[in-house]
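Chemist: Have a look at this one.
The values are calculated or read from the model by the stated rules, or taken from the named source; none is laboratory data. Quick caveat: nothing in here was measured; it's all calculated off a predicted structure. Reconstructed Cβ throughout: ideal geometry from the backbone, glycine too, with neighbour counts over all protein chains shown. Note: accessible area is taken over every heavy atom of the protein model, side chains too, but ligands, DNA and RNA are not part of it. Shrake-Rupley method; radii C 1.70, N 1.55, O 1.52, S 1.80 Å.
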Amino acid sequence: MGLIAFFKILKKERIDEHMIESVSDSELSRLGLQTIGDRHRFRKRVRENMSNTPSAENGPPSVGSSAAVFTPTSAMRSNISEIRNRLFQPYDMRSRKRKGQAHPGRGRTWTANFVCLSNVDACTVPSVQEKEILKCAGLGLKKIVLLCDDNEESVVQKIMSAEETEDGDVQGFPKLKLAGGFELLKASQNCRTLSVLKCNWSVKEMKTVISAQTRVYIRPIQNNLSIVPEKSESGKKMVTRSETCQYCKQDFDVRALRAHVESCSQSSEETMYSNAENPDNMGLIVTVNEPTEITVPTEITIPTEITVTYTDFPDLDFMDVIPVETIDDIHLQNIENSVGIQDIIKNCIEYCREKNIQDPVEIVKKMQLEIVTGRPLEISNISEELTGQTTFISVNRENIIETGFEEIESLGVSELRNTLEVSFYGEMAVDAGGPRKEFFRLMLQEIKKKYFDNGFRDLRANMAVDAGGPRKEFFRLMLQEIKKKYFDNGFRDLRANVYVSIGKLFALSILQNGKVPQFMDTETLDKIFGDEPLNLEENGCICSLREGLDTLGIVEAVRNLPTLRHIFSNNSPRLTVKKLIQLLKPEFSERGSNRLSLEKNVYSSFMRYIREVSAGRRGALNLESILEFVTGNDQEPLLGFEIEPSIIFTECIESFLPMANTCICRMTLPRGTQFVTLPEDLSLFEIYDLSFSNNYYGLK
């Protein structure tokens, strides 16, 4: 094809000279230039034509010439060239600004995370609640920008700096000036314990010991720092919102409303009591009857077994308590919450009947979804932090039964519905599911041993049998003390404080992924979940246990959904070597890596150890001990594991002692390295014995 003819095609396609550079080879081929040579000659001719085109001062070319299409002025060519260079600027690595490159006027920077503590005796990483308190006091976590060539003196000055950033926040911790000196610490790997930073405090030295993401903790030496919340001195205007108090009908800012309501409600109660002292006021009697009516002066039908009648009693002291025979079986403070639970259980029952759900596991899942509130029970994603409301309790592992009951008895129904957060005295674990399961397992283990293995009646029988003796004086003294301690206040007080709490704990353990109580016999289950009324004197413990279970609706659910009762049957298969190996899935390195052979070597030793434990050759340890160490459960939970139990491998740094995170059901098994060889089985198994016999969090 001739180039002159091709120029005519370009003119027809309305392609002028400055568009040629942007036309691709494929588009030129479509227009008729099929070969590489033609395209090359065409572009050469265009360039020659551009260089030979006369300027605007010489006048435009003739219309008939072949260059008529390509006659831009020099100004147009300059403009086109400038735009093309700006749009298609060649990539130059040297033109990129490197991360950490010095800003004009200052050197390279290094941003470090500093956490200022308030107590001179602080030795562990602060909890979530403590972090919030520190933050409000102007302490806690702050990112401080340091220069890479800062010496120790400059670092200390910036840490104590009171200068403000562009956002109006204080750069450092000016309260440290009153601390009487401070020291820098860091947290040990996989541990919350803090250790002193053993290096010079210059940036150059600190960068060799810690990374930019590592948090450096600042601890005062002589004086504790104030944790009084600081007043905001920034110019930011806070948006206010007011609400009306339902007692005094006045408007208050929502931030001050709660404190006002508490004082205002107390004043209202005092007014009520003072008015009640007037003989003209109404008296109050609470009775328990068959009818379901509440008479105020008018009658309102309410689904409850309590009738409240107001009438005139001028001679009755308002604060007197009228004894009723069965009043101790009713917890009036839980009536309002119980109605809410009853409605929730009713909805669950209707849902399961409508969907024809018979599987007890699916029924428990539905009840858990509707009843349990607050923070999620388990970690489902390791990268996400659990957030939400919890009910915090703290118990003594050495006295689990007594401290556990004290905490459970102090909780109302609304607190029982929240996710339980458990802390053991002196242990450093943060409960994200593991310590709670450990608490339920230990409590059920002790309850079975103390209150169920010998039957319900032994509790009272043992008290009376202890009065026997060969001497009459011994009889008299013992019976005198027994009467005072166990009989004067009646059996019911003891039952209420023990078996009601046991029932509440059973309900909590079932609904919050704990161990299911499967040690009650058929006769006991028939009495608990049966519809027949029970004799209070003969079955007082059963009545109290039933009351505790029904605090969260378990009894009502079992009565209406009979298949749910099967979860209380002791039909769980015993843990075997095969089942344990299937539960604990190893996560090996990729094929072909040097780590893989080392990981398989230590895993093989662990398999031999499991068989030693199964054969009973490791003392009191059993297979359940290993599963408890990894997951906090001695058997697979009723609803299964949220995250499957796993084994990961890490290089041996100090010892071959296994570690576990029961919140995510993961065990870390140290392996040998190129320089550290795996011990012989005899020595290695002794190390494993130490780990799997230790149930404490954060202790060795």
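Chemist: May I ask you to verify whether residue 611 is in contact with a Cys (Cβ under 9 Å, 6 or more places away or on another chain), at pLDDT 90 or above and of a type in the set (Lys, Arg)?
Modeler: Against the criterion (in contact with a Cys (Cβ under 9 Å, 6 or more places away or on another chain), at pLDDT 90 or above and of a type in the set (Lys, Arg)), residue 611 does not qualify.
Chemist: Looking at 384, 350, 378, which is the one that is at pLDDT 90 or above, over 30 Å from residue 540 (Cα atoms) and not assigned by the TED database to the domain that holds residue 631?
Modeler: Every option except 350 fails the conditions.
Chemist: Within the stretch 639-652, how many residues turn out to be within 18 Å of residue 580 (Cβ to Cβ) and assigned to a loop (DSSP other than H, G, I, E, B)?
Modeler: Selection size over the stretch 639-652: 5.
Chemist: Filter the stretch 170-188 down to residues that are in contact (Cβ under 8 Å) with a residue 40 or more places away in the chain and surrounded by fewer than 17 Cβ atoms within 10 Å (Cβ to Cβ) and give me whichever is nearest to residue 661 (Cα to Cα).
Modeler: The residue in question is 181.
Chemist: Now a separate question. So, in the stretch 545-592, how many residues would count as being under 26 Å from residue 621 (Cα atoms), part of a helix (DSSP H, G or I) and not aliphatic (A, V, I, L, M)?
Modeler: The number of residues fulfilling the criteria is 3.
Chemist: Follow-up question, since we're still on this one. Among the residues of the stretch 653-670, is any surrounded by fewer than 17 Cβ atoms within 10 Å (Cβ to Cβ), under 19 Å from residue 581 (Cβ atoms), outside the structural domain of residue 509 (by the TED database) and without any contact (Cβ under 8 Å) to a residue 24 or more places away in the chain?
Modeler: For the stretch 653-670, residues surrounded by fewer than 17 Cβ atoms within 10 Å (Cβ to Cβ), under 19 Å from residue 581 (Cβ atoms), outside the structural domain of residue 509 (by the TED database) and without any contact (Cβ under 8 Å) to a residue 24 or more places away in the chain: absent.
Chemist: Restricting to the stretch 243-265, what's the tally of residues that are surrounded by 12 or more Cβ atoms within 10 Å (Cβ to Cβ) and at pLDDT below 80?
Modeler: So the count comes out to 2.
Chemist: Do we have any residue at all in the stretch 584-593 that's open to solvent by less than 10 Å² (accessible area, probe 1.4 Å), within 26 Å of residue 644 (Cβ to Cβ) and not assigned by the TED database to the domain that holds residue 412?
Modeler: Looking for residues that are open to solvent by less than 10 Å² (accessible area, probe 1.4 Å), within 26 Å of residue 644 (Cβ to Cβ) and not assigned by the TED database to the domain that holds residue 412, one finds at least one in the stretch 584-593, hence yes.
Chemist: Tell me, which residue of the stretch 376-413 that is open to solvent by 30 Å² or more (accessible area, probe 1.4 Å) and in contact with a helix residue (DSSP H, G or I) (Cβ under 6 Å, 6 or more places away or on another chain) is farthest from residue 503 (Cα to Cα)?
Modeler: The selected residue is 396.
Chemist: Taking only pairs six or more apart or across chains, which ones have beta-carbon atoms under 7 Å, a first residue in the stretch 214-225 that is under 12 Å from residue 120 (Cβ atoms), and a second residue that is hydroxyl-bearing (Ser, Thr, Tyr) and open to solvent by 10 Å² or more (accessible area, probe 1.4 Å)?
Modeler: 224/118; 225/118
Chemist: I want to confirm something. Restricting to the stretch 602-635 and keeping residues that are part of a loop (DSSP other than H, G, I, E, B) and within 21 Å of residue 656 (Cβ to Cβ), which single residue is most open to solvent (accessible area, probe 1.4 Å)? Steps first, answer last, please.
Modeler: Filtering the stretch 602-635 for residues part of a loop (DSSP other than H, G, I, E, B) gives 615-622, 632-635.
Checking the rest, the ones that are also within 21 Å of residue 656 (Cβ to Cβ) come to 617-619, 621.
Details: 617: 141, 618: 45, 619: 64, 621: 22 Å².
Here the residue is 617.
Chemist: Restrict the check to the stretch 401-424 and report whether at least one residue is at negative phi, touching a Pro at 6+ places or on another chain (Cβ under 6 Å) and outside the structural domain of residue 644 (by the TED database).
Modeler: Checked against the condition, which is being at negative phi, touching a Pro at 6+ places or on another chain (Cβ under 6 Å) and outside the structural domain of residue 644 (by the TED database), the stretch 401-424 yields at least one hit.
Chemist: Please work out if residue 208 is among the hydroxyl-bearing types (Ser, Thr, Tyr), open to solvent by 70 Å² or more (accessible area, probe 1.4 Å) and not in a loop (DSSP other than H, G, I, E, B).
Modeler: Taking the combined requirement at face value, the residue satisfies it.
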